[in-house]
Amino acid sequence: MAHPALFKPLRVRNLELANRIVIAPMCQYSAEDGRMTDWHHIHLGQLAMSGAALLTIEASAVLPEGRITWGDVGLYDDATEEAMRVTLESVRRWSDAVVGIQLGHAGRKASTEVPWAGGHQIAPDDAHGWQTVAPSAIPFDPGTHAPVALDRDGMVRIRDAFAAAAKRAARIGLDFVQIHAAHGYLLHQFLSPLSNQRTDEYGGSLENRMRFPLEVFDAVRAAFPADRAVTVRVSATDWVESGWDLEQTLAFSKALEARGVDAIHVSTGGLHPAQKIPVGPSYQVPFARAVKQAVSVPVVAVGLITSPEQAEAIVATGDADLIALARTVLYDPRWPWHAAAELGATLRAPKQYLRSQPSKHRHLFGVDGPVGPTPTWVRDDDGAYR
Ligand SMILES: Cc1cc2nc3c(=O)[nH]c(=O)nc-3n(C[C@H](O)[C@H](O)[C@H](O)COP(=O)(O)O)c2cc1C
């Protein structure tokens, strides 16, 4: 393939993306009181060297009670900001990947155990637990401790916390902020009629249910530097009868576009335990395609995208502008290298790794590419070629 679409550069506001491969946000449940640890150093470091153009830091809570688990990363005080700054500093030193952060609040899905300890809800009186909040006092799982319905002061506090976290993200030099409005967390809880049964101006009609998420968007957009991108991740459907669906997602996407969103990342589900998801390769791509037809900002597709040909087809046919990887890139952190090799593209790699290429993939980093001329880089100190 002469010029694979997957490896065409793209500019999105300040983001100079070398290719169309995005690393999706992935919680690591390995923070200490919201502070990144050396695990994040290792984890983000290796992903930043994957060859993907863009790396999204995991869902980071804007308030301590907005964490999904007690091990989640936060960006809500000086200590959490400083821990992230230190991690980011070393990632930046060795990688030119675009790096941003997903900011979120888990709402009624907060206060849970880390996944490898079962992932169950922890009641407020139990160790590591706290009282959750949500648009309405409806628990995610019937029979578990109910959230407290937010009053106007509580909502203002959360909106302002999103803005404050965006300011911290700007201060430590993150390239973009992604607002988490997907997967059944707080902003999605406001959007879906299944979790939002408020009778004030924030519940009922679609316009009312979108009101708080849009207020949060406006607050983040105003707080983050105007020349840096703000994106939103949505769930395009609840996969539950009478829930949030594609039609409402299109209306929400258009409202975000009117307010200046820079890209929309299209996922699905996570709001309701009764969801029935027809999981399979590219199963969420039709939703990305529909959003792309409704707006003119770039759209990201995600979900069981595992092969280079599949990713290439999604971008080349215009289903989405970018593809995001989560499990695929955990399993194979050099997936972008392998995709470039398979599709006949070149990409940048750390100079320390230039000798890694097997001879059949010598073209991978580009003979005249930015990483320096070949074949000298495959030459050993003793002059032997490997
Ligand atoms: C370990 C792990 C952690 C995740 N954490 C987040 C997260 O922080 N925020 C989010 O929006 N999605 C999160 N997700 C969902 C992924 O971003 C992605 O949407 C999903 O896994 C589907 O993509 P995939 O098939 O490439 O894994 C997570 C997924 C995994 C596997």
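The values are calculated or read from the model by the stated rules, or taken from the named source; none is laboratory data. Keep in mind the model is a prediction, meaning the values are calculated, not measured. Cβ: placed from backbone, ideal geometry, glycine included. Neighbour counts: every protein chain shown. Ligands, DNA and RNA are excluded from the accessible area calculation, which covers all protein heavy atoms including side chains. Shrake-Rupley method; radii C 1.70, N 1.55, O 1.52, S 1.80 Å.
Numbers at a glance
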| read-out | value |
| --- | --- |
| Percent accessible area from carbon and sulfur atoms, the stretch 83-152, protein chains only, probe 1.4 Å | 57 |
| Segments 216-222, 349-355 sorted - mean Cβ within 10 Å per residue, highest first | 216-222, 349-355 |
| Radius 15 Å from Cβ of Arg168, net charge of other residues (Lys, Arg +1; Asp, Glu -1) | -2 |
| Gaussian network model of the chain, springs between alpha carbon atoms under 10 Å - residue of Ala326, Ala117, Ala149 with greatest fluctuation | Ala117 |
| Highest average packing first - 30-38, 334-342, Cβ atoms within 10 Å | 334-342, 30-38 |
| Alpha carbon convex hull of the stretch 41-84, projected area averaged over orientations, nm² | 3.5 |
| Rg/Rh for the chain, where both radii come from Cα atoms and Rh is the Kirkwood radius | 0.99 |
| Per DSSP, loop trypsin sites (Lys or Arg not before Pro) in the stretch 162-206 with at most 12 further Cβ within 10 Å | none |
| Helix-derived mean residue ellipticity, 222 nm - over the chain, DSSP H n ≥ 4, -39500 (n - 2.57), to 500 | -9500 deg cm²/dmol |
| Accessible area of the stretch 203-300 belonging to carbon and sulfur atoms, whole % at 1.4 Å probe | 52 |
| Whole-number accessible area per residue in Å² for the stretch 1-82, which is evaluated in the context of all protein chains at 1.4 Å | 37 |
| Angle between the chain longest axis and helix 246-259 axis [Cα atoms, degrees, rounded to 10] | 80 |
| Range of Cα positions in the stretch 136-260 per principal axis (Å), largest first | 42, 30, 24 |
| Label zone at Tyr353 (point 7 Å along Cα-to-Cβ), backbone N below 17 Å, the stretch 76-106 | 90-99 |
| For the stretch 262-278, 3J(HN,Hα) per residue [Karplus equation, 6.51 cos²θ - 1.76 cosθ + 1.60, θ = phi - 60°, Hz, x = Gly/Pro] | 9, 6, 10, 9, 9, 10, 8, x, x, 8, 9, x, 7, 4, 10, 9, x |
| Whichever aspartates and glutamates have a C-alpha closer than 17 Å to that of Lys351, once near sequence neighbours (fewer than 8 apart) are set aside | Asp96, Asp368, Asp380, Asp381 |
